[in-house]
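Structure record follows, encoded as structure tokens.
The values are calculated or read from the model by the stated rules, or taken from the named source; none is laboratory data. Just so it is clear, the structure is predicted and the values come from calculations on it, not from any experiment. Heads up, the Cβs are rebuilt from the backbone with ideal geometry, glycines too, and the neighbour counts pull from every protein chain shown. Remember, those area values only see protein heavy atoms, side chains included, never the ligands or the DNA or RNA. Shrake-Rupley method; radii C 1.70, N 1.55, O 1.52, S 1.80 Å.
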Amino acid sequence: MKHVLTILLSIISTLNLLGQNIGALEISDDDVKPWLPKLELEYEGFYKFGESESESDLKLFFVDTVIVGQVMQGYWEEGTGIWKWTYKTLTNIEIDKKGNFKSDQHTGQFVTYTDSTGTYKGLKINNPWTEWLEDGRYEIGIRLKVLARLYQGDFPQVSTRHLTEDELSELDLETLQIMRNEVFARYGYSFKEGGKLEQYFNKQNWYRPQHADVTDFLTQVELDNIELIKKIESKK
């Protein structure tokens, strides 16, 4: 297992370096071609942008007829030296038959990039969120992997699909409360000190309390499911 993890980390490190070079535009446009898969679902994945000191990932997946896109940006907090993550949800995402990407915040195109080491699938963003890039330059995020487990925790489905009243009605009140609050915990919400939720999530090895408010991080799918869970809770 340790050997497999070492290999995986090596691959990610190599691709991250490649993403840096793309982000700094140390590439030729001749090496960039449109990426047009047979199925739109093939665009799902994690896309690595930025550099080591300001790296970011775009998480892209489909829920029913909605395309969910969420940018995770990491940074070192001044004064504390703590590495933190913030999240930005892209809204009204559309992908056309030519592989063009459009949202309210950013536009781009799905592409492939070829160099001496191989051909990589990625997403070119015309107006990047990476702050160190000069105006007018695009950035390509390399697709690291197909989405497997999108979210940590026991109830990732709250973030990945629309839940139903029937399935939620089968759960007890305590489970519903944990399920709903796990969404906030994944984004690093700091629960009330000494409270039951803080005690519970402090036992989860993935939990990192970092933010006093994570409301703006949530996707519409998560917001919809949270409201539905609260509705079922009220009936319990």
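Tally time: how many residues in the range 171-215 are assigned to a helix (DSSP H, G or I) and touching a residue at least 40 places away in the same chain (Cβ under 8 Å)? So the count comes out to 6.
For the range 167-176, the condition of being within 23 Å of the chain's Cα centre (by Cα) and either at pLDDT 95 or above or surrounded by 16 or more Cβ atoms within 10 Å (Cβ to Cβ) (or both) holds for none of the residues. The residue that is surrounded by the most Cβ atoms within 10 Å (Cβ to Cβ), counting only those in the range 217-230 that are of a type outside the set (Val, Ile, Thr) and in contact (Cβ under 8 Å) with a residue 60 or more places away in the chain, is ASN225.
For the structure I just gave you, tell me whether LYS102 is crowded, with 19+ Cβ neighbours inside 10 Å and basic (Lys, Arg). Lay out the reasoning, then the answer.
Working: crowded, with 19+ Cβ neighbours inside 10 Å: no; basic (Lys, Arg): yes.
So LYS102 does not fit the description; no.
Within the range 105-123, the set of residues being open to solvent by 30 Å² or more (accessible area, probe 1.4 Å) and either within 19 Å of GLY141 (Cβ to Cβ) or of a type in the set (Phe, Trp, Tyr) (or both) comprises GLN105, THR107, GLN109, THR114, ASP115, THR117, THR119, TYR120, LYS121. Note on the range 83-94: residues that are touching an Asp or Glu at 6+ places or on another chain (Cβ under 6 Å) and assigned to a strand (DSSP E or B) total 1.
For the range 18-41, residues that are closer than 14 Å to GLN109 by Cα and modelled with pLDDT of 80 or more total 7.
If the condition is being in contact with a strand residue (DSSP E or B) (Cβ under 6 Å, 6 or more places away or on another chain) and without any contact (Cβ under 8 Å) to a residue 12 or more places away in the chain, then the range 100-129 contributes ASN100, LYS102, THR119.
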